[in-house]
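First comes the structure, then the notes that go with it.
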Amino acid sequence: MTARLSVDGRIPSDVFFEAFIKTNVAFRTQLDSSRKRKGAVQKDWHPGCTSITALIIRNKLIVANAGDCRTILCRSGIPHALSRDHVASCLEEWERIIRAGGLVKWKVDTWRIGDATLQVIRSIGDDDLKPAVTVKSEITLTTLSAEDEYIVMASDGLWDVISEKDVVNIIRDTVKEAGMCSKRLATEAAEKGSKDNINVIVIFLRSVSTAKIIY
(Lines give C-alpha, C1' and ligand atoms only; values in the text may rest on other atoms or scores of the structure.)
Protein backbone atom coordinates (compact mmCIF):
# COMPACT_ATOMS: atom_id res chain seq x y z
CA MET A 1 0.00 0.00 0.00
CA THR A 2 1.34 3.42 -0.95
CA ALA A 3 1.33 6.02 1.84
CA ARG A 4 -0.81 9.02 1.07
CA LEU A 5 1.12 12.25 0.66
CA SER A 6 -0.11 14.58 3.38
CA VAL A 7 0.65 17.61 5.51
CA ASP A 8 -0.65 17.05 9.04
CA GLY A 9 -3.07 14.51 7.61
CA ARG A 10 -4.32 16.81 4.82
CA ILE A 11 -3.52 16.71 1.13
CA PRO A 12 -1.09 19.47 0.05
CA SER A 13 -3.46 21.14 -2.41
CA ASP A 14 -5.97 21.77 0.40
CA VAL A 15 -3.23 23.11 2.68
CA PHE A 16 -1.91 25.51 0.05
CA PHE A 17 -5.41 26.64 -0.93
CA GLU A 18 -6.20 27.49 2.70
CA ALA A 19 -2.83 29.21 3.20
CA PHE A 20 -3.28 31.47 0.17
CA ILE A 21 -6.84 32.38 1.24
CA LYS A 22 -5.69 33.23 4.78
CA THR A 23 -2.80 35.30 3.42
CA ASN A 24 -5.21 37.22 1.21
CA VAL A 25 -7.47 37.95 4.19
CA ALA A 26 -4.50 39.08 6.29
CA PHE A 27 -3.29 41.28 3.41
CA ARG A 28 -6.71 42.95 3.15
CA THR A 29 -6.93 43.43 6.93
CA GLN A 30 -3.50 45.08 7.05
CA LEU A 31 -4.39 47.28 4.10
CA ASP A 32 -7.63 48.44 5.76
CA SER A 33 -5.71 49.23 8.94
CA SER A 34 -3.14 51.23 6.99
CA ARG A 35 -5.86 53.23 5.25
CA LYS A 36 -7.50 54.12 8.56
CA ARG A 37 -4.21 55.29 10.05
CA LYS A 38 -3.80 57.68 7.15
CA GLY A 39 -7.27 59.02 7.82
CA ALA A 40 -8.70 58.41 4.36
CA VAL A 41 -9.68 55.59 2.07
CA GLN A 42 -8.19 55.73 -1.38
CA LYS A 43 -10.84 54.08 -3.54
CA ASP A 44 -8.41 53.47 -6.36
CA TRP A 45 -5.75 52.02 -4.09
CA HIS A 46 -5.82 48.25 -4.55
CA PRO A 47 -2.31 46.83 -4.28
CA GLY A 48 -1.56 43.19 -4.83
CA CYS A 49 1.29 40.72 -5.04
CA THR A 50 2.10 37.37 -6.55
CA SER A 51 3.21 34.34 -4.56
CA ILE A 52 4.97 31.06 -5.23
CA THR A 53 5.84 28.45 -2.61
CA ALA A 54 7.54 25.07 -2.58
CA LEU A 55 7.35 22.17 -0.17
CA ILE A 56 9.39 18.95 -0.17
CA ILE A 57 7.91 15.84 1.47
CA ARG A 58 10.19 12.84 1.17
CA ASN A 59 10.85 12.58 -2.59
CA LYS A 60 7.93 14.81 -3.63
CA LEU A 61 8.25 18.48 -4.56
CA ILE A 62 5.00 20.43 -4.40
CA VAL A 63 4.86 23.92 -5.92
CA ALA A 64 1.93 26.30 -5.46
CA ASN A 65 1.78 29.41 -7.63
CA ALA A 66 -0.52 32.40 -7.94
CA GLY A 67 0.83 34.97 -10.36
CA ASP A 68 3.82 35.36 -12.64
CA CYS A 69 6.60 34.15 -10.39
CA ARG A 70 8.17 30.93 -11.67
CA THR A 71 9.93 27.87 -10.29
CA ILE A 72 12.24 25.67 -12.34
CA LEU A 73 13.94 22.39 -11.48
CA CYS A 74 17.39 21.67 -12.90
CA ARG A 75 17.55 17.97 -13.74
CA SER A 76 20.77 16.66 -15.31
CA GLY A 77 21.67 20.20 -16.36
CA ILE A 78 18.32 20.87 -18.08
CA PRO A 79 15.72 23.33 -16.70
CA HIS A 80 12.14 22.12 -16.23
CA ALA A 81 9.36 24.61 -15.44
CA LEU A 82 7.30 23.58 -12.39
CA SER A 83 4.82 26.44 -12.62
CA ARG A 84 2.84 28.35 -15.23
CA ASP A 85 2.88 32.14 -15.53
CA HIS A 86 -0.61 33.42 -14.70
CA VAL A 87 -0.90 36.32 -17.11
CA ALA A 88 -3.80 37.57 -19.20
CA SER A 89 -2.30 36.20 -22.41
CA CYS A 90 -2.83 32.66 -21.06
CA LEU A 91 -5.75 31.42 -23.18
CA GLU A 92 -6.50 28.57 -20.76
CA GLU A 93 -7.48 31.17 -18.13
CA TRP A 94 -9.81 33.27 -20.28
CA GLU A 95 -12.88 31.11 -19.76
CA ARG A 96 -12.46 31.29 -15.97
CA ILE A 97 -11.94 35.07 -16.08
CA ILE A 98 -14.98 35.73 -18.27
CA ARG A 99 -17.12 33.38 -16.19
CA ALA A 100 -16.10 35.39 -13.11
CA GLY A 101 -17.18 38.65 -14.76
CA GLY A 102 -13.76 39.84 -15.86
CA LEU A 103 -12.85 41.52 -19.14
CA VAL A 104 -9.65 40.73 -21.03
CA LYS A 105 -8.47 43.35 -23.50
CA TRP A 106 -5.37 44.34 -25.44
CA LYS A 107 -3.66 47.33 -23.84
CA VAL A 108 -0.31 48.92 -24.67
CA ASP A 109 1.70 45.79 -25.51
CA THR A 110 -0.13 42.74 -24.22
CA TRP A 111 -3.44 41.32 -22.96
CA ARG A 112 -4.62 42.78 -19.65
CA ILE A 113 -7.63 42.48 -17.36
CA GLY A 114 -10.13 45.05 -16.08
CA ASP A 115 -10.02 48.84 -15.92
CA ALA A 116 -6.81 48.57 -13.93
CA THR A 117 -5.27 46.85 -17.00
CA LEU A 118 -3.49 44.32 -14.81
CA GLN A 119 -1.43 41.69 -16.59
CA VAL A 120 -1.40 39.20 -13.69
CA ILE A 121 -4.59 37.14 -13.34
CA ARG A 122 -3.93 35.33 -10.06
CA SER A 123 -2.67 37.20 -7.02
CA ILE A 124 -3.00 38.12 -3.37
CA GLY A 125 -4.77 41.46 -2.99
CA ASP A 126 -6.02 43.35 -6.07
CA ASP A 127 -9.48 43.38 -4.47
CA ASP A 128 -10.95 45.60 -7.16
CA LEU A 129 -10.46 42.78 -9.67
CA LYS A 130 -11.66 39.86 -7.57
CA PRO A 131 -12.98 37.25 -8.31
CA ALA A 132 -11.72 37.43 -11.91
CA VAL A 133 -8.22 37.77 -10.49
CA THR A 134 -8.30 34.80 -8.18
CA VAL A 135 -6.14 34.02 -5.17
CA LYS A 136 -6.46 30.28 -5.83
CA SER A 137 -3.04 28.74 -6.37
CA GLU A 138 -2.17 26.27 -9.09
CA ILE A 139 -0.41 23.16 -7.77
CA THR A 140 2.18 20.92 -9.41
CA LEU A 141 3.63 17.72 -7.96
CA THR A 142 7.03 16.41 -9.03
CA THR A 143 8.77 13.20 -7.98
CA LEU A 144 12.41 14.02 -7.29
CA SER A 145 15.24 11.78 -8.50
CA ALA A 146 18.99 11.44 -8.15
CA GLU A 147 19.43 13.57 -11.27
CA ASP A 148 17.83 16.64 -9.66
CA GLU A 149 20.35 19.32 -8.73
CA TYR A 150 18.53 22.46 -7.55
CA ILE A 151 15.40 24.54 -7.89
CA VAL A 152 15.20 28.23 -8.72
CA MET A 153 12.26 30.33 -7.51
CA ALA A 154 12.08 33.88 -8.82
CA SER A 155 9.78 36.78 -9.62
CA ASP A 156 9.16 37.97 -13.16
CA GLY A 157 11.90 40.58 -12.81
CA LEU A 158 14.35 37.75 -13.45
CA TRP A 159 12.42 35.75 -16.06
CA ASP A 160 11.57 38.85 -18.12
CA VAL A 161 15.21 39.25 -19.14
CA ILE A 162 16.95 35.91 -18.50
CA SER A 163 15.85 32.61 -20.02
CA GLU A 164 15.62 29.38 -18.04
CA LYS A 165 18.57 27.97 -19.99
CA ASP A 166 20.70 31.04 -19.22
CA VAL A 167 19.78 30.79 -15.54
CA VAL A 168 21.22 27.26 -15.50
CA ASN A 169 24.38 28.44 -17.28
CA ILE A 170 24.88 31.28 -14.78
CA ILE A 171 24.50 28.92 -11.83
CA ARG A 172 26.95 26.50 -13.45
CA ASP A 173 29.52 29.32 -13.53
CA THR A 174 28.80 30.31 -9.92
CA VAL A 175 28.18 27.01 -8.17
CA LYS A 176 31.54 26.91 -6.38
CA GLU A 177 30.19 29.83 -4.37
CA ALA A 178 26.67 28.48 -3.83
CA GLY A 179 25.64 31.35 -1.60
CA MET A 180 26.32 33.80 -4.42
CA CYS A 181 24.02 32.20 -7.01
CA SER A 182 20.91 34.20 -6.13
CA LYS A 183 22.86 37.46 -5.95
CA ARG A 184 24.55 36.74 -9.29
CA LEU A 185 21.22 36.07 -11.00
CA ALA A 186 19.62 39.21 -9.56
CA THR A 187 22.62 41.31 -10.56
CA GLU A 188 22.57 39.93 -14.11
CA ALA A 189 18.85 40.72 -14.40
CA ALA A 190 19.39 44.29 -13.20
CA GLU A 191 22.26 44.80 -15.61
CA LYS A 192 20.08 43.54 -18.47
CA GLY A 193 17.60 46.31 -17.70
CA SER A 194 14.85 44.47 -15.83
CA LYS A 195 12.12 46.96 -14.97
CA ASP A 196 10.30 44.81 -12.41
CA ASN A 197 11.11 43.64 -8.89
CA ILE A 198 13.79 40.93 -8.79
CA ASN A 199 13.53 38.24 -6.12
CA VAL A 200 15.55 35.04 -6.49
CA ILE A 201 16.01 31.92 -4.36
CA VAL A 202 18.26 29.00 -5.36
CA ILE A 203 17.83 25.79 -3.37
CA PHE A 204 20.38 23.03 -3.91
CA LEU A 205 19.06 19.49 -3.65
CA ARG A 206 22.57 18.05 -3.48
CA SER A 207 25.59 19.15 -1.52
CA VAL A 208 27.66 21.82 -3.21
CA SER A 209 30.67 19.50 -3.26
CA THR A 210 28.62 17.08 -5.41
CA ALA A 211 27.60 19.94 -7.69
CA LYS A 212 31.26 20.85 -8.17
CA ILE A 213 32.00 17.36 -9.39
CA ILE A 214 29.03 17.46 -11.79
CA TYR A 215 30.16 20.69 -13.39
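The values are calculated or read from the model by the stated rules, or taken from the named source; none is laboratory data. In this text the structure is predicted, and so the values were computed from the model without any measurement. When we count neighbours, we look across all protein chains shown, and the Cβ atoms used for this are built from the backbone with ideal geometry, even at glycine.
Listing for the model above:
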{"item": "Neighbours by Cβ (under 7 Å, 6+ apart or cross-chain): first from the stretch 64-78, on the phi > 0 side of the Ramachandran plot; second in a loop (DSSP other than H, G, I, E, B)", "result": "G67/T50; G67/H86; G67/S123; S76/E147"}
{"item": "Flag if A211 is of a type outside the set (K, R) and either loosely packed, with under 13 Cβ neighbours inside 10 Å or at pLDDT below 95 (or both)", "result": "yes"}
{"item": "Residue check for S123: closer than 27 Å to A66 by Cβ and without any contact (Cβ under 8 Å) to a residue 60 or more places away in the chain", "result": "no"}
{"item": "Selection status of K105, loosely packed, with under 14 Cβ neighbours inside 10 Å, in a helix (DSSP H, G or I) and more than 16 Å from the chain's Cα centre (by Cα)", "result": "no"}
{"item": "Residue list for the stretch 67-87, filter: among the polar types (S, T, N, Q) and not in a loop (DSSP other than H, G, I, E, B)", "result": "T71"}
{"item": "Residues within the stretch 173-207 that are in contact (Cβ under 8 Å) with a residue 12 or more places away in the chain, of a type in the set (S, T, N, Q) and assigned to a helix (DSSP H, G or I), tallied", "result": "1"}
{"item": "Matching residues in the stretch 92-102 - criterion: being among the charged types (D, E, K, R) and surrounded by 12 or more Cβ atoms within 10 Å (Cβ to Cβ)", "result": "E93, R96"}
{"item": "Residue list for the stretch 46-66, filter: in a loop (DSSP other than H, G, I, E, B) and loosely packed, with under 13 Cβ neighbours inside 10 Å", "result": "P47, R58, N59"}
{"item": "Odd one out for E149 among (1) surrounded by fewer than 19 Cβ atoms within 10 Å (Cβ to Cβ); (2) within 23 Å of V63 (Cα to Cα)", "result": "(1)"}
{"item": "Selection within the stretch 160-189 - surrounded by 14 or more Cβ atoms within 10 Å (Cβ to Cβ) and under 19 Å from the mean Cα position of the chain (by Cα)", "result": "D160, V161, I162, E164, D166, V167, V168, C181, S182, L185, A186, A189"}
{"item": "Some residue of the stretch 88-98 being in a loop (DSSP other than H, G, I, E, B) and touching a Pro at 6+ places or on another chain (Cβ under 7 Å)", "result": "no"}
{"item": "Filter result (closer than 24 Å to G157 by Cβ and either β-branched (V, I, T) or surrounded by fewer than 21 Cβ atoms within 10 Å (Cβ to Cβ) (or both)) within the stretch 74-91", "result": "I78, P79, H80, A81, R84, D85, V87, S89, C90"}
{"item": "Inter-residue pairs, beta-carbon under 9 Å, first within 16 Å of R84 (Cα to Cα) and in the stretch 154-172, second buried (at least 20 other Cβ atoms within 10 Å of the Cβ) and hydroxyl-bearing (S, T, Y), 6+ apart", "result": "A154/T71; A154/S182; S155/T50; D156/T50"}
{"item": "Filter result (among the hydroxyl-bearing types (S, T, Y), closer than 24 Å to A81 by Cβ and more than 18 Å from the chain's Cα centre (by Cα)) within the stretch 108-142", "result": "T110"}
